[in-house]
Amino acid sequence: MRCVKALQLTLAVVKPDAVAHPLVLEALHQKILKNFIIVRKKDLMWRTEDSERFYAEHAGRFFYQRLVEFMASGPMRAYILAREDAITHWRGMMGPTKVFRARYTSPDTLRGQYGLTDTRNTTHGSDSVDSAKREISFFFPEFNADEWMSREEPRLRLRQ
Ligand code: IDP
């Protein structure tokens with residue numbers, strides 16, 4: 001019997017700058033399909049209040065207002081993704097936060113390839129197990145992660 005590590009869930013968001021460009025959105029979607037099991041997918045748009053709530057930890061930082069307005073400026077696409085080490089894998093695919101750094105040190109990452117500015121940097125990804133749990137509930141309040149882990153995960157893991 002093959003023995004593989006348990007699948008992990010993470011939240012991935014394609015931000016408004018990338019959703020606005022159909023070819024970029026499609027390229028990101030294809031990369032996601034190749035690397036992850038897509039558990040849920042949703043297109044949505046935030047109100048400013050949603051954006052403020054989601055990024056509350058950054059309140060007071062110089063880029064906060066710009067970030068909050070940008071994230072509520074157009075449609076986004078959110079995914080719940082699964083694979084082994086999904087959190088680290090997606091963060092690695094995204095690349096560094098700052099676009100200059102991404103472009104010069106990690107040109108093959110999503111931000112290195114498609115990022116426009118430090119704010120308009122294509123994607124968001126949870127950075128820990130706790131934040132994945134919280135952020136999945138934020139975007140997909142109807143999704144029951146515990147139930148998915150007990151019912152779907154064992155079946156999907158064996159297919160890997
Ligand atoms: P992350 O998205 O790589 O996890 P965080 O530090 O959590 O980075 O910042 C959240 C978001 O805030 C970033 O993705 C980016 O859109 C924005 N941001 C972070 N640092 C800066 C900055 O120095 N200038 C402008 N925007 C920033």
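Values as computed for the structure displayed
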{"item": "Options Thr88, Val99, Ser73, ranked by Cα towards positive dipole end of region 1-106, top entry (Cβ charges)", "result": "Thr88"}
{"item": "Residues whose placed amide H lies under 5 Å from that of Leu7, excluding near-sequence neighbours", "result": "none"}
{"item": "Neighbour-count order for Tyr104, Tyr64, fewest beta carbons within 10 angstrom listed first", "result": "Tyr104, Tyr64"}
{"item": "Per-residue ³J(HN,Hα) for region 18-26, Karplus 6.51 cos²θ - 1.76 cosθ + 1.60, θ = phi - 60°, Hz, x for Gly and Pro", "result": "7, 5, 5, 10, x, 6, 5, 4, 5"}
{"item": "Rounded to whole Å, sorted largest first: equivalent-ellipsoid semi-axes of region 82-160, Cα gyration tensor", "result": "29, 15, 9"}
{"item": "Ranking of Arg120, Arg134 by count of other Cβ atoms within 10 Å, fewest first", "result": "Arg134, Arg120"}
{"item": "Distance (nanometres) between label positions extended 7 Å along Cα→Cβ at Gln30 and Thr119", "result": "3.1 nm"}
{"item": "log₁₀ of I(q)/I(0) at q = 0.16, 0.17 Å⁻¹ - the chain, Debye sum with one point per alpha carbon", "result": "-0.92, -1.03"}
{"item": "Potential lengthening between Arg101 and Phe63 on full extension [0.36 nm per residue; Cα-Cα distance subtracted]", "result": "12.0 nm"}
{"item": "Region 8-159, dipole about Cα centre (Lys/Arg Cβ +1, Asp/Glu Cβ -1), debye to the nearest 20", "result": "420 debye"}
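Every number here is computed from the coordinates shown, using simple stated rules; none is lab data. Here the structure is a predicted model, which means the values were calculated and not measured. Note that each Cβ is placed from the backbone with ideal geometry, even for glycine, and that neighbours are counted across all protein chains shown.
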